[in-house]
Amino acid sequence: MATRLATTAATGGAAEDVPRKTLDSVVIRFAGDSGDGMQLTGTQFTQSTALMGNDLATFPDFPAEIRAPIGTTYGVSAFQINFASYDIMTPGDAPDVLVAMNPAALKVHLRDVPKGGTIILNADAFSARNVAKAGYDANPLEDGTLDNYVVIPIDIQKMTLAAVKGLGLSNKEAVRCKNMWALGLMCWMYDRDRQPTIDWLNQRFGARAPALAQANVAALNAGHAYGETAELPSGLGAYVVPKADVKPGVYRAVTGTEAIAWGLVTGARKAGLPLFLGSYPITPASALLHTLSNLKEYGVTTFQAEDEIAAVCSAIGASYAGAIGVTSSSGPGIALKTEAVGLAFAAELPLIVVNSQRGGPSTGLPTKTEQSDLFQAVYGRNADSPLPVVASRSAGDCFFAAVEAVRLAVTYMTPVMLLTDGYLANAAEPWEIPDADDIPEFKVALGTDPESVHAFKRDERTLARSWVIPGTPGLMHRIGGIEKSYETGHISYDPENHHRMTKVRAAKVDGIARDIPAQTVEAGPESGRLAVVGWGSTHGAISQAVRRANAAGLAVAHIHIRHIWPLPANLGGLLRGYDRVLVPEMNNGQLVKVLRAEYLVDAEGLNQISGLPFKVSDLEAAIRARGEVR
Amino acid sequence: MNVQTPVEQLRPADYASDQEVRWCPGCGDYAILKSVQRTMADLRIPPEQAVFISGIGCAARFPYYMATYGFHTIHGRAPAVATGVKLANPDLDVWVVMGDGDCLSIGGNHTLHALRRNVDLQMLLFNNEIYGLTKGQYSPTSRLGTRSPSTPQGSLDSPVNAAVFALGAGARFVARSVDTNQKHLPETLKRAHGHRGASFVEIVQNCIVYNDGAFSGWTDRAAVAEAQIAVMHGEKLIFGKDRGKGLRFAPGRLALDVVEIGRDGVTENDILVHDETDRTLAGLLGAMAHPEFPVAVGVLYCNPAETYDRAVHAQLAAVRDKTPAGGLNAMLRRGRTWTVAPG
């Protein structure tokens, strides 16, 4: 056994006589039961693919139930990866290859596979019982359902059991190795290196359960060996997807969650203050709490509070005491925090509120993505209480968006809403790691000199009040949610003062428009027939769709907005330069209404509220429909 | 974070801010304010090191009247804000001021968790058994049958006993005192301040407008001797005009009995000694209600444990010692990276 492991472990398109067909890009979807380890399989395939130098984008799609009843359609978990030899921006519209570990996975995902697509099936799982559980009347392998596809049924389970035999695993443990078998086969098919996965398995199980590590590696290698030796249907076989021609530099795979965590830490360093996160678990935002909890050595304090309200209040308390207070949640949790965000606004304290948006309303679709909290971010508070809102557009961009959110919060003494979403939070992409030294500092000058400063003195340029923290001698003061006198900061119910304070708070936030980059046109003409205006995670899909339309000779522009509030100062003029403005959003029309309200432009919405990202082809069709007709 | 400079002796008045106090004339809050200012002076607390954090309600105006740092937050959330302050800067001397609605109704959850986490805070509950600022509705501590604008026929829900709640939440320090007792209250506050961890002090406070005299049955000068028992660690639980009464365990039950010393063969030796580290006894004392029992004032329970803020910072330090942080670039390059070479 040891010898065999050693030889097959020599990986990465070793000396084999299979001729490999070259492909520019491939979309693979792994689908199985939520207990089948599909997310893990996808993540490992992603790591190998990133290390191979392909550009890639992923889309994990899983149910809210942790372990739904086995074999049911609502328990199906999937992971899609698109990788290519050129730069790509989305996880792909439709899978070229579907790996289905059971009938339910086939049932759920078959509709997305184009005719002629490849389907690799775990044939062992297609028992009469499982077929019925998935809601099929007859076995889809036998009744012609799959006639228009290239189907490769393999007894993955049996082969996995054979591969791990003798390693002392229980039947249940042995069966669970089948995802590694499938991964092994896909590694062979697309010439991926197995070594990163082997290293990872040894690291994960090595010391604790060496037999599990050995078994998973054996299954991985067996799947790979099967590819080398089995005679697959004609036209199918080994492929190679050459490296993408990407900019030289140091890269890593990154998810939006990791990027936000690192961005917040970086922002705090640039501000010269410690970072404090108060949070309460909620899907899909919890991962940020987990990630920051592992960055204690960078001066990060994390606090899992008793509820969403305590989470934001503790962050406000931390900011009051001189840290960068951050709270993180998803729409329903943000709703609970609203009153406290109003307090931070009124008391003029820095605060970062990260919203990993998910499908709503109410509990909605916790594990699916949506952009439907834009109104909540921009308008969702009692009274006149505008806040800066920053939206990240890709996993890697989450890093820079987080740094920017910290900068605005400390420069303007205000809460900042940082919008991401379930798709960005979970999806991975290769990221050219920036040099942190290139990011400008924005060191905070806390007020310390009683002669020249008091807590309610405003900076003439930013209109921000001074940040004086408890512990500072000679500058003791009281703050709170009650209206303050403009001059002294004491409680004031004076009518003129309230009018003045409301105006100055609004002017402070409006003034941020002068401190953010002017809106640029990402692709296409600076004025003309049609502009497609997006925000957030739809960037990749819109960008690709516009690129295709431009390539087809349509003069279409792509404008992507990062600063949702205040909007860039030049945006209104820019939009007025186009005959039509199309605003695709994964909601029922929110940014489109803001643009109409702010600029009186006749912007038109394109709305998809399915819990899934846009397909490039759908956007392209919408653009063509508008671009060609005058 | 900030170096404490020894303060020259400040007077209680030096802890008063320049703001005009705006409670109703005769409100018990004046007396509490005076006691707190006196306590601060006696303990020589540097004003810049002290932070008073409140929620919403009459009591919540307290920070404006202190010449320290103060944060008037939102209803019920003061313990949560204070937790963030203390975690961000454990050197600060953080006081939380809450009313009964604040502490036990809308903010009950935060009180529970600040207590069980044992965050090093002085948590003062001004309990007047009524909602004052919203004009007189019954509160979670109002007695059954309380008539108020929202309960014109009398309230129907049982009140919460603040001290028993705090003990149930896992508080390591629970005390009770009375607004107007200018000797007992400062002493109790000093004990609370000396205790590292969450120190819960229920201060019975008279609302002169909406619930006047709610406690007079046991707080009036004439009633104190018979209707109050001031508990002291290590001392016998004796009270009464001539120190003629005491508390002992009821024979055969886990309950307290009031007994007369010298009657039915009861001697001082039969009377319980207060042990403030005994949570069961604290619970029994805290639950005693007038008129069946004397109301217990003083430190019912004090049994210190590791504080949350210290534990958090110890863990941060331990991680830093084990894995010293590199620069930001090291953070961004943790894990697997690859290099794309030019050309």
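The values are calculated or read from the model by the stated rules, or taken from the named source; none is laboratory data. The structure presented is a predicted model; accordingly, all values stated were derived computationally and were not measured. Virtual Cβ from ideal backbone geometry, glycine too; neighbours counted across all protein chains shown.
What to note about this one:
- Segments classed as helices (runs of 4 or more DSSP H), wholly inside segment A:526-630, with at least 3 members that are closer than 22 Å to A:Glu404 by Cβ: A:539-551, A:571-576, A:591-599
- All of B:Ala318, B:Ala282 fail the test of being outside any strand (DSSP E or B), hydrophobic (A, V, I, L, M, F, W, C) and away from chain A (no Cβ under 14 Å), apart from B:Ala282.
- Of the residues making up segment A:457-473, just one is facing another protein chain (nearest Cβ under 7 Å) and on the phi > 0 side of the Ramachandran plot, namely A:Gly471.
- Every residue from segment A:26-44 that is more than 12 Å from A:Phe62 (Cβ to Cβ) and either more than 19 Å from the chain's Cα centre (by Cα) or part of a strand (DSSP E or B) (or both): A:Val26, A:Val27, A:Ile28, A:Arg29
- Test for A:Lys133: is it farther than 20 Å from A:Phe45 by Cα and touching a Phe, Trp or Tyr at 6+ places or on another chain (Cβ under 7 Å): no
- Taking first residues from segment A:46-70 that are over 30 Å from A:Glu432 (Cα atoms) and partners that are crowded, with 18+ Cβ neighbours inside 10 Å and modelled with pLDDT under 90, the Cβ contacts under 8 Å between residues at least 6 apart in sequence or on separate chains come to A:Pro63/A:Ser34; A:Glu65/A:Ser34; A:Ile66/A:Ser34; A:Arg67/A:Ser34; A:Ala68/A:Ser34.
- Residues in segment A:66-89 that are within 20 Å of A:Pro366 (Cα to Cα) and in contact with a Phe, Trp or Tyr (Cβ under 7 Å, 6 or more places away or on another chain): A:Ala68, A:Ser77, A:Ala78, A:Phe79, A:Gln80.
- Residue check for A:Pro440: in a loop (DSSP other than H, G, I, E, B), out of contact with any strand residue (DSSP E or B) (no Cβ under 8 Å at 6 or more places or on another chain) and either within 14 Å of chain B (Cβ to nearest Cβ) or more than 30 Å from A:Tyr86 (Cα to Cα) (or both): yes
- The set of residues from segment B:112-128 being within 11 Å of chain A (Cβ to nearest Cβ), surrounded by 24 or more Cβ atoms within 10 Å (Cβ to Cβ) and touching an Asp or Glu at 6+ places or on another chain (Cβ under 7 Å) comprises just one member, B:Val119.
- Each residue in segment B:47-70 was checked for being among the polar types (S, T, N, Q) and either touching a His at 6+ places or on another chain (Cβ under 8 Å) or not in a loop (DSSP other than H, G, I, E, B) (or both), and 2 of them qualify.
- Qualifying residue in segment A:345-357 (condition: more than 24 Å from A:Gly481 (Cβ to Cβ), buried (at least 24 other Cβ atoms within 10 Å of the Cβ) and of a type outside the set (Gly, Ala, Ser)): yes
- For A:Arg67, the conditions (1) at pLDDT 90 or above; (2) in a loop (DSSP other than H, G, I, E, B) are fulfilled apart from (1).
- Pair list, Cβ under 8 Å, 6 or more apart: segment A:246-268 residue at the interface with chain B (Cβ under 7 Å from one of its Cβ atoms) and more than 13 Å from A:Ser392 (Cα to Cα), other residue of a type in the set (D, E, K, R) and assigned to a loop (DSSP other than H, G, I, E, B): A:Val246/A:Asp87; A:Val250/B:Arg333; A:Arg252/B:Arg333; A:Arg252/B:Arg336
- Count of segment A:305-334 residues, restricted to those that are of a type in the set (Asp, Glu) and facing another protein chain (nearest Cβ under 7 Å), is 2.
- B:Gly343 being at pLDDT below 95 and on the phi > 0 side of the Ramachandran plot: yes
- Residues in segment B:87-111 that are within 12 Å of the chain's Cα centre (by Cα), within 11 Å of another protein chain (Cβ to nearest Cβ) and in a helix (DSSP H, G or I): 1 in all.
- In segment B:1-17, the residues that are within 14 Å of chain A (Cβ to nearest Cβ) and modelled with pLDDT of 95 or more: B:Asp14, B:Tyr15, B:Ala16, B:Ser17
- The numbered conditions (1) crowded, with 22+ Cβ neighbours inside 10 Å; (2) over 24 Å from A:Leu141 (Cβ atoms); (3) in contact with a Lys or Arg (Cβ under 8 Å, 6 or more places away or on another chain) are all true for A:Val164 except (3).
- Every residue from segment A:269-304 that is in contact with a Pro (Cβ under 6 Å, 6 or more places away or on another chain) and within 11 Å of chain B (Cβ to nearest Cβ): A:Gly299
- Filtering segment A:604-617 to residues that are buried (at least 22 other Cβ atoms within 10 Å of the Cβ) and either acidic (Asp, Glu) or under 17 Å from A:Leu374 (Cβ atoms) (or both) leaves A:Pro613, A:Phe614.
- Segment A:544-567, subset closer than 30 Å to A:Ala506 by Cβ and not aromatic (Phe, Trp, Tyr), residue surrounded by the most Cβ atoms within 10 Å (Cβ to Cβ): A:Ile559
- The one condition in (1) in contact with a strand residue (DSSP E or B) (Cβ under 8 Å, 6 or more places away or on another chain); (2) closer than 18 Å to A:Leu418 by Cβ; (3) more than 10 Å from chain B (Cβ to nearest Cβ) that A:Thr338 fails to fulfil: (1)
- Segment A:474-493 - residue that is at negative phi, out of contact with any strand residue (DSSP E or B) (no Cβ under 8 Å at 6 or more places or on another chain) and surrounded by fewer than 18 Cβ atoms within 10 Å (Cβ to Cβ) and, of those, farthest from the other protein chains (Cβ to nearest Cβ): A:Tyr486
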